[in-house]
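Below: one structure, written as structure tokens.
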């Protein structure tokens, strides 16, 4: 594991992926540096999910290389990617609402006490771990690990899923549409969470439709359209308006809008 | 959402420190009350108490409250309870097992044919019954996890197949679907011992309930059971071996049924293919009355025990009243409906909506 801020945690080098002859992604290169929020933008079907599947070991590129910490790596499974510190945080299935915070946080790696037949859960320890993990992300309201996750807000649940990934050694978090189903206030708390995570040197790959959300937290941006890189820029190089235009397809959108306006004025 | 409905306060009473002493005690006791209401077994406890009170008043004078009456309903509850514990664990993990009823009859026939008809040692008969249970549980579990078909349909099929197969085998071997079997030696103690009318099944049930509750609440495997039923994708992505959890529980439920099959065979001194047919749904009913969610992920075995007691009280209460035994089903059906409705509200309440 490197902690060198100049070596990308993950790099895709001239990656192409086709499914049954259909090109989903072609000749894509990207690098995600430690402590960087990398925004992957594009409309539905642009190839964003294919890219994150290759970043997290769910799919393998047809051609091209995946490099972790500067070394060519062939992920055998999502678990393998996770062991290398690359974790996906799912919005819908990230947490279990009918289980407690402590049980959710430590699921599948529960701390235990006692030995042999009497080996049992150490819920006090699990609770302490969960509360500490949440506190590191600035969530101080949760003080009781036995609280049901279903009673927490959407933002807090995201925080719990992220805290869990970090606890298990994640250095790069893939957040797929983390604000999609959330209200304004909750979205803001998730964006704040991304800030907090970045300040701890963790890299984030953020997939979103929302140019405002991307613009407010992103360091590096990549706009995909039909599997190809449409644009790539750094923070401060483009305005929100320009980003929206790029995502929607620039010229195409403009002509569509002009058409709509002409139609409207002719009514 | 948070703070309006009191759930968060119920679960973290320290949330609002800005209350005076009197207010704090009130909030404290209200929070304690909510905590009790939110326990999954509360519905089962209430229904057990209500039906007990009802039959104590109605049938108390006709023997329901006597030592014999108590022993009778506890025995009914114990046998159902032994079935319902693994069935409940499986339901919490998000799957049904309808084949337990057929399994009881099949195990009963295996024990009776081996020991009653061929005169083999009970160890062989019971051992064979358990071996068949393990195989059937594995088959159920493998089919459900590999095909991802609803376990309701898969175990309904294996239920029919088990009953058909054991009927065919016993007719071919013995020419009958009912064989007498008298327990000998250790078997007569383990399966048929009685102490002042109290059947040994009560002891088996108590031990099983204690151990299973401990496993479910306090071990990693128990945590995995809840997670698997809560959301199988979440659990799998977190690293829980969800298929293994389900297969183990299917095997466990088949073994529970085989145990009751052996128990009933030696108690009645007779094995029959149709033994245990009532457990197809009464096991699930006991779990649901006891607060286990049909959709999985929530419930407790203490509740399941209360559900089994409810069933035992109602069936023996109806018997002591001298009513038609069919009325038991009427009562249980009504209780089940109420339990499902109460459970739904409870879950929404627990989720704070």
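The values are calculated or read from the model by the stated rules, or taken from the named source; none is laboratory data. Note that the coordinates shown come from a computational prediction; the quantities given were computed from them, not determined experimentally. Don't worry about glycine lacking a Cβ; one is built from the backbone with ideal geometry, like all the others, and counts go over all protein chains shown.
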Subject >> Residue, surrounded by the most Cβ atoms within 10 Å (Cβ to Cβ), within region A:54-82, restricted to residues that are without any contact (Cβ under 8 Å) to a residue 40 or more places away in the chain, within 14 Å of another protein chain (Cβ to nearest Cβ) and out of contact with any helix residue (DSSP H, G or I) (no Cβ under 7 Å at 6 or more places or on another chain) >> reply: A:81
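For residue A:232, are the conditions met, namely being at pLDDT 90 or above and more than 14 Å from every other protein chain (Cβ to nearest Cβ)? Before you say what the answer is, go through the steps one by one.
On the way: at pLDDT 90 or above: yes; more than 14 Å from every other protein chain (Cβ to nearest Cβ): yes.
Considered against the rule, which asks whether it is at pLDDT 90 or above and more than 14 Å from every other protein chain (Cβ to nearest Cβ), residue A:232 comes out as yes.
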**OP:** Pick out the one residue from B:302, B:260, B:292, B:288 that is surrounded by fewer than 21 Cβ atoms within 10 Å (Cβ to Cβ), closer than 15 Å to residue B:81 by Cα and under 14 Å from the mean Cα position of the chain (by Cα).
**Re:** B:302
Subject >> Residues of region A:225-244 satisfying the condition of being crowded, with 20+ Cβ neighbours inside 10 Å and either more than 24 Å from residue A:86 (Cβ to Cβ) or within 16 Å of the chain's Cα centre (by Cα) (or both) >> reply: A:225, A:243
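This table checks each residue for (1) more than 12 Å from chain B (Cβ to nearest Cβ); (2) in contact with a strand residue (DSSP E or B) (Cβ under 6 Å, 6 or more places away or on another chain); (3) on the phi < 0 side of the Ramachandran plot.
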site	(1), (2), (3)
A:152	no, no, yes
A:175	yes, yes, yes
A:185	no, no, yes
A:188	yes, no, yes
A:196	yes, no, yes
A:201	yes, no, no
A:207	yes, yes, yes
**OP:** All but one of (1) over 17 Å from residue B:235 (Cα atoms); (2) within 14 Å of chain B (Cβ to nearest Cβ); (3) buried (at least 22 other Cβ atoms within 10 Å of the Cβ); (4) at pLDDT 90 or above hold for residue A:113, so report the exception by its number.
**Re:** (3)
Original post:
Does region B:300-315 contain any residue that is within 14 Å of chain A (Cβ to nearest Cβ), on the phi > 0 side of the Ramachandran plot, at pLDDT 90 or above and assigned to a loop (DSSP other than H, G, I, E, B)?
Top reply: no
Subject >> Residues satisfying the stated conditions in region B:164-179, i.e. touching a helix residue (DSSP H, G or I) at 6+ places or on another chain (Cβ under 8 Å), closer than 16 Å to residue B:100 by Cα and surrounded by fewer than 22 Cβ atoms within 10 Å (Cβ to Cβ) >> reply: B:165
Original post:
Which residue, of A:119, A:135, is out of contact with any helix residue (DSSP H, G or I) (no Cβ under 6 Å at 6 or more places or on another chain) and within 24 Å of residue A:173 (Cβ to Cβ)?
Top reply: A:135
Original post:
residue B:322: over 18 Å from residue B:91 (Cβ atoms), buried (at least 16 other Cβ atoms within 10 Å of the Cβ) and in contact with a helix residue (DSSP H, G or I) (Cβ under 9 Å, 6 or more places away or on another chain), yes or no?
Top reply: no
Original post:
Out of region B:114-131, which residues are in contact with a helix residue (DSSP H, G or I) (Cβ under 6 Å, 6 or more places away or on another chain) and either over 25 Å from residue B:224 (Cβ atoms) or surrounded by 24 or more Cβ atoms within 10 Å (Cβ to Cβ) (or both)?
Top reply: B:114, B:115, B:117, B:120, B:122, B:124, B:125, B:126, B:128, B:129
Original post:
In region A:33-44, what residues are in contact with a helix residue (DSSP H, G or I) (Cβ under 8 Å, 6 or more places away or on another chain) and buried (at least 16 other Cβ atoms within 10 Å of the Cβ)?
Top reply: A:35, A:36, A:37, A:39, A:40, A:41, A:42
Original post:
If residue B:239 satisfies every condition in (1) under 30 Å from residue A:122 (Cβ atoms); (2) buried (at least 18 other Cβ atoms within 10 Å of the Cβ) but one, which is the exception?
Top reply: (2)
**OP:** Taking the options B:190, B:182, name whichever one is at pLDDT below 90 and in a loop (DSSP other than H, G, I, E, B).
**Re:** B:182
Original post:
For the subset of region A:88-100 comprising residues that are farther than 16 Å from residue A:190 by Cβ and touching a strand residue (DSSP E or B) at 6+ places or on another chain (Cβ under 8 Å), which member is farthest from the other protein chains (Cβ to nearest Cβ)?
Top reply: A:100
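Yes/no per residue for (1) within 13 Å of chain B (Cβ to nearest Cβ); (2) at pLDDT 90 or above; (3) surrounded by 20 or more Cβ atoms within 10 Å (Cβ to Cβ):
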{"site": "A:120", "(1), (2), (3)": "yes, yes, no"}
{"site": "A:126", "(1), (2), (3)": "yes, yes, yes"}
{"site": "A:133", "(1), (2), (3)": "no, yes, yes"}
{"site": "A:144", "(1), (2), (3)": "yes, yes, no"}
{"site": "A:148", "(1), (2), (3)": "yes, no, yes"}
{"site": "A:163", "(1), (2), (3)": "no, yes, yes"}
{"site": "A:216", "(1), (2), (3)": "no, yes, no"}
Subject >> 3 or more residues over 28 Å from residue B:232 (Cβ atoms) and more than 18 Å from the chain's Cα centre (by Cα): qualifying strands (runs of 3 or more DSSP E) within region A:1-105 >> reply: A:10-19, A:22-32, A:63-68
**OP:** Would you be able to tell me the number of residues in region B:213-234 that are farther than 10 Å from residue B:92 by Cα and either at the interface with chain A (Cβ under 7 Å from one of its Cβ atoms) or not in a helix (DSSP H, G or I) (or both)?
**Re:** 7
